[in-house]
1. Would you mind getting me the FRET efficiency between residue 202 and residue 77? Use the beta-carbon distance for r and R0 = 45 Å, nearest 0.05.
2. Is the range 4-53 best put as rounded, prolate or oblate by its Cα gyration tensor, with a ≥ b ≥ c the root eigenvalues, rounded for a/c under 1.5, and otherwise prolate when a/b is larger than b/c, oblate when not?
3. If I model a spin label at residue 16 and residue 97 as a point 7 Å from the Cα along the Cα→Cβ vector, what separation in nanometres do I get?
4. Arrange the peptides 152-162, 91-101 so that the one whose residues have, on average, the most other Cβ atoms within 10 Å appears first.
5. Is the range 56-97 rounded, prolate or oblate when judged by the Cα gyration tensor, a ≥ b ≥ c being the square roots of its eigenvalues, rounded requiring a/c under 1.5 and prolate requiring a/b larger than b/c?
6. So, in nm, how far is label residue 159 from label residue 127 when the simple model puts each one 7 Å beyond its Cα toward the Cβ?
7. What distance in nm lies between label points placed 7 Å from Cα along the C-beta direction at residue 179 and residue 24?
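Derivation of every value follows stated rules applied to the coordinates shown; laboratory data play no part. Source: prediction; values computed, not measured. No Cβ is skipped: glycine too gets one built from the backbone with ideal geometry, and neighbour counts run over all protein chains shown.
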């Protein structure tokens, strides 16, 4: 059965192309005058009516623009509660609709999604991804190394501080099982008091076995303090 407005258009302009519809310009479907009819593609027609349905009423209160959501029918802040350039629902309503649509997926949709996941994690694809990753690393090896050196030079102090905190946490967990670790001064003071003799003995033994490193450390420390170098006391004289 041919509708009246389509029959009127075809009588005046010939057959309607496939995928095209007849639109009423004044939005009145009962007005089938030829000058009120217009041929449009179905995509453009749907888009036009979608914009008309979702055009949000607006108002301004205390300098803030508010728009009414077509779903919850509440006025909300346009800048914060709506996506920019979108004439649809507010963010919470869009999220709710998307979750409900995801929950009501058809078995065919679920099967397609599972099949897509299986193909993505298939061993053949996994090996291809690994090969592409290895190829990228080989081609950009020097670039990555240069970037790593640059980052290390700019954040050396942060890296050293992070390393010291990690080592302190490992020592604390080893010596105080079951006690939560913290980097506060109180925990550091407790740890130093509990392990003072052990730390001094370890430092003395290390300096005795590494005199060159101890001399370099003393040079650096004296240079920072701007004091003349004082050679370390020979441990044999202390016995």
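1. Values: r = 62 Å, r/R0 = 1.37.
Using R0 = 45 Å, I get an efficiency of 0.15.
2. Working: a/c = 2.82, a/b = 1.30, b/c = 2.17.
It is oblate, given that a/c is not under 1.5 and a/b is not larger than b/c.
3. 2.6 nm
4. Details: 152-162: 10.2, 91-101: 12.6.
Answer by packing, highest mean first, reads 91-101, 152-162.
5. Values: a/c = 2.06, a/b = 1.69, b/c = 1.22.
Prolate is the answer for the range 56-97, as a/c is 1.5 or above and a/b outweighs b/c.
6. Output for this residue pair reads 3.7 nm.
7. In this crude spin-label approximation the distance works out to 8.3 nm.
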